[in-house]
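The values are calculated or read from the model by the stated rules, or taken from the named source; none is laboratory data. No experiment lies behind these values; they were computed from the predicted model shown. As a convention, Cβ positions derive from the backbone with ideal geometry for all residues, glycine included, and neighbour counts pool all protein chains shown. Each accessible area value is taken on the protein alone, full model and side chains, heavy atoms only, with ligands, DNA and RNA left out. Shrake-Rupley method; radii C 1.70, N 1.55, O 1.52, S 1.80 Å.
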Amino acid sequence: MKKLSKKVIAFALAVVMTLTAGAVAPQGNVEVQAASGRVYVNPYSATVVTYKPGSALSRFSSVISIMGCSKAKEIKNLKSSNKYIKVAPRDGYIRVEFGKKAAKSTITCTVKGVKLKTTFTVKKYTNPCKTFKIGKTNLLSKFNKNDVLRTNKAFKKQKLDIKLKSGWKISSVHVTSGTGSYNNYRVNKSSFSKKITVSNNYGYIYVYCYNEKTKVSECLQINTSTRY
């Protein structure tokens, strides 16, 4: 993975703290095979993910968190039924790695005597948008093969206009100007239209969207900087 700037990391943490668990529906097929109120797979973990064919990365990763678990050594007998999906125990979660290939795996482990099983699915990324514009700039095709757009452009008081394809909804939009101000918008519908200002001094636009039928969530990103 490419190294992120401290500014990017700080913004991402702020976004995570802003979101509540109720904003996103549980994903995947999660089964707890022993009665326990303490140890279970977090149902909000991303167990249906996508690989991006236009990404420079050849490997991607995701996280399956385990409630009631805080140490990697507590995760025992960890296995993936698919050799293309690799798993490794971490402190309180399972790190899952996958490549540019559709795949499906049953991931099993035992934590504190409790047997856990979850299905992890990798799908090919598809553009969830049918409209993505900032002012008169049409950016729709930029998200056909990847979810990240890097540009040296600045957008001053331009309308961000997004419409998603059938089955998709925007859960939230996060805009940081790059000049110290930011806005978080809760949306929960298939379209979004708002005037925004983003400088080319590390401004960011994050559009979180999800598909209730396929259980896929995506985060479309626009990063602005004169260094691009």
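The condition (being closer than 30 Å to Leu78 by Cα, in contact (Cβ under 8 Å) with a residue 40 or more places away in the chain, of a type outside the set (Gly, Ala, Ser) and open to solvent by 60 Å² or more (accessible area, probe 1.4 Å)) is satisfied by just one residue among Lys123, Lys145, Lys157, Lys153: Lys123. Being surrounded by 20 or more Cβ atoms within 10 Å (Cβ to Cβ) and either modelled with pLDDT under 95 or among the polar types (S, T, N, Q) (or both) is a condition met by at least one residue of segment 101-110. Selection within segment 69-85: residues that are over 23 Å from Val48 (Cβ atoms) and either not assigned by the TED database to the domain that holds Glu97 or not hydrophobic (A, V, I, L, M, F, W, C) (or both). The member of this set that is most open to solvent (accessible area, probe 1.4 Å) is Lys73. Is it true that Lys52 is open to solvent by 60 Å² or more (accessible area, probe 1.4 Å) and of a type in the set (Lys, Arg)? Spelling it out, it is not the case that Lys52 is open to solvent by 60 Å² or more (accessible area, probe 1.4 Å) and of a type in the set (Lys, Arg).
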